[in-house]
Amino acid sequence: MSFSENSRKNFEPIKCSICRGNINDMSTVYQTSFSLSIVCRECCEKFSKEDIELISNIFLSHGGYFGEHEDSMASIEDIVRKIIKKIENGPKKIELNELNVKLLHEALLHGFTPKRYIKGLQNYLEE
Ligand SMILES: [Zn+2]
């Protein structure tokens, strides 16, 4: 498939499915196997392949992007409290798996890598 210069301007620039950064050089990107999402070079360097698959799937199903709320300076404890409160005030019971995904999604929105999130969670649970 090829695009003429004229039709190309009608397409949005390709964005990284993890950080939403514009991708200009397609030769350095990674494409996830499951969702066929495109991931930029910086994210490829920051995350393992397993993390990339996991993160892009979470953003695909839950929306948002990595570091969207990074400036809010939330700690893992804040994130856990916020999600638990949301669920307590919500209308339905949720499964533990769903809770885990919600927590990880929120942590990713705040710019925590899965590694940092898991470490933070362990510290929080040990206190
Ligand atoms: Zn990226």
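The values are calculated or read from the model by the stated rules, or taken from the named source; none is laboratory data. Because the structure is a prediction, the values reported are computed rather than measured. Note that each Cβ is placed from the backbone with ideal geometry, even for glycine, and that neighbours are counted across all protein chains shown.
Assorted remarks:
- Selection within segment 1-32: residues that are in a loop (DSSP other than H, G, I, E, B) and more than 23 Å from G67 (Cα to Cα). The member of this set that is modelled with the lowest pLDDT is M1.
- Within the set H110, H62, the sole residue that is within 22 Å of C19 (Cα to Cα) and touching an Asp or Glu at 6+ places or on another chain (Cβ under 7 Å) turns out to be H110.
- Taken over segment 16-37, residues that are more than 9 Å from the ligand (Cβ to nearest atom) and within 13 Å of the chain's Cα centre (by Cα) amount to 1.
- When we screen I58, I18, I52, I14 for residues that are surrounded by 12 or more Cβ atoms within 10 Å (Cβ to Cβ), outside the structural domain of E106 (by TED's automatic domain parsing) and over 21 Å from H110 (Cα atoms), the only hit is I14.
- Within segment 63-74, not a single residue is polar (S, T, N, Q) and surrounded by 14 or more Cβ atoms within 10 Å (Cβ to Cβ).
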